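Sharing a structure with you now.
None of the figures in this text is laboratory data; all of them are computed from the coordinates on show. None of the values given here were measured: they were computed from a predicted structure. Don't worry about glycine lacking a Cβ; one is built from the backbone with ideal geometry, like all the others, and counts go over all protein chains shown.
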Amino acid sequence: MPLNGHHRHYFTIQQRETLQRQLKARAAQLREEVDEDARADLNAEPEAAELALDVAELRAVEAALARVHDPDFGLCAVCEAEIPYARLSANPAATRCLACQAQHERAAAAAPRT
């Protein structure tokens, strides 16, 4: 069924369960890191920055876990193109295809820092 000119991709149950296991393992690892970061000296800028990054990644992983069995899982949030299984296997929380992710990163790099 076309969606913005793209065909909706359905992953197999085995693929979704593999991604779900990866996401659960990463979430557990991040929870441990967040706990460790929270016990560290948060007056030290590197630890505070690391905690913020870990919390942001944990939120992304938990969001991916919540939608891993949704029909739209694996579609780019920007252009709705299929995100290849190989990309999701490397980063199961990915929400953008490679082209949109590259564009996002270029825009972020070009944005003025405040």
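Based on alpha-carbon centroids, what's the gap between region 25-58 and region 72-114 in Å, whole number please?
23
What value, in deg cm²/dmol to 500, does the helix sum -39500 (n - 2.57) over DSSP H runs of n ≥ 4 give at 222 nm once divided by the residues of the chain?
Theoretical 222 nm ellipticity from helices: -20500 deg cm²/dmol.
By how many nm would the segment from Ile13 to Glu80 grow when fully extended, if each residue of separation counts as 0.36 nm and the alpha-carbon distance is taken off?
Residue separation times 0.36 nm, minus the Cα-Cα distance, leaves 22.0 nm.
Still on this model: For the chain, compute Rh as the Kirkwood radius over C-alpha pairs and then the Stokes-Einstein diffusion coefficient at 37 °C and 0.692 mPa s; write the answer in µm²/s, rounded to an integer.
Calculated translational D: 209 µm²/s.
How many nm separate the modelled label positions at Ala56 and Ala102, each set 7 Å beyond the Cα in the direction of the Cβ?
Spacing of the two 7 Å Cα→Cβ label points: 2.2 nm.
Roughly how tilted is helix 13-39, in degrees to the nearest 10 and between 0 and 90, from the longest Cα axis of the chain?
That helix lies at roughly 10 degrees to the long axis.
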